[in-house]
1. Given the peptides 173-185, 234-246, arrange them by the average over their residues of other C-beta atoms within 10 Å, most packed first.
2. If you take the alpha carbon radius of gyration of the chain and divide it by 2.2 N^0.38 Å, what ratio comes out, to two decimals?
3. Can you give the extra length, in nm with one decimal, that the chain gains between Lys182 and Asn17 once fully stretched, where that is 0.36 nm per residue apart less the Cα-Cα distance?
4. Once both labels are modelled 7 Å past Cα along the beta-carbon direction, what's the Asp5-Asp244 spacing in nm?
5. Once you put a point 7 Å from the Cα of Glu237 and another 7 Å from the Cα of Ala84, both along the Cβ direction, what distance in nm separates them?
6. Expressed as a rounded percentage, what relative contact order does the chain have, with Cα pairs under 8 Å and six or more residues apart?
7. Let me have the 222 nm mean residue ellipticity of the chain computed from DSSP H runs of 4+ only, each contributing -39500 (n - 2.57), with the sum over all residues rounded to the nearest 500.
8. Below 14 angstrom from the Cβ of Asp5, what's the summed charge of the other residues (Lys, Arg +1; Asp, Glu -1)?
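Taken together, the values in this text are just the output of simple stated rules run on the coordinates, not laboratory data. This structure is a prediction, so every number in the text was calculated from the model and none was measured. With ideal geometry, Cβ positions are generated from the backbone for all residues, glycine too; neighbour counts draw on all protein chains shown.
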Amino acid sequence: MIASDYGIRNLKRILPNIAQWTKEEAEDYDEVNELYNNISGQYRRYIGHVTKWVGGVFETPKTSDQGGAVYEAAPASLQRDAVAFLNRELFQTPEWLLDQSVLKLVTPYNGVVTLYKLQEGTLNSLFSPDRMRRIIENTSVDPNAYTLNNLFDDLRTGIWSELAQNKAVSVHRRNLQKEFVKQMTNLYKVSQPPGASIDPQMSDVSSLARATLLQLRADISRAALSSSDSMTRYHLEDCLDRIDAVFEKD
């Protein structure tokens with residue numbers, strides 16, 4: 001995580017300068033586009049490196065005459081730090097990656113969909129059946145483990161931090177929050193296909209997703225009443241309707 005942190009800091013310094021560093025008389029911006037894609041690709045790799053520690057396992061190959069375990073779960077503190085890193089560096093909108101002085105040279109778009117896809121992919125990875133199975137398995141034998149409940153709570157409070165702060169919600173965060181509601185809905189209502197390592201409907205996953213949706217419904221209901229930003233209020237009311245629809249079918 002330390003390496004990924006330093007790496008992202010370097011990317012933040014490099015990106016604003018790529019147009020100036022590659023400037024050539026009468027040349028187009030193909031090189032700027034290539035460098036931007038390289039930077040965003042490296043950023044994705046850093047995010048992936050950190051994500052793997054959530055529900056991560058250390059493997060130490062050993063022979064039968066060597067003591068100690070071959071497989072050990074990543075320490076709870078490391079997993080907790082990894083989720084905090086993702087909340088800070090990805091789910092809190094990485095404005096530096098959306099530098100409009102660069103994007104306007106290489107694309108007609110402003111990065112809204114591109115960022116959403118990266119955040120969606122990371123949530124899919126965090127809530128993947130294999131990862132949740134590893135967390136559940138580890139919790140069953142280690143009372144100090146990082147639990148699935150910890151994961152759901154840490155992501156909910158990070159992704160929905162505006163609710164407690166009574167802040168306006170940006171378009172990037174609105175997309176992310178709707179995706180979170182969708183993820184919880186699927187984990188509560190949709191069984192995994194045959195061959196998946198864990199079925200949410202037959203494990204604690206469904207119970208935690210339900211509890212998360214109920215907590216969100218209470219928090220969103222309070223925040224929607226006090227929001228002075230119209231788009232934020234419409235967004236919160238929409239999310240509330242989506243959650244209500246889930247329980248109306250019960």
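1. 173-185, 234-246
2. This ratio for the chain stands at 1.16.
3. Working it through step by step, the gained length comes to 55.6 nm.
4. The two pseudo-label positions are separated by 4.4 nm.
5. 3.8
6. 16
7. -20500 deg cm²/dmol
8. With Lys, Arg at +1 and Asp, Glu at -1, the net is +3.
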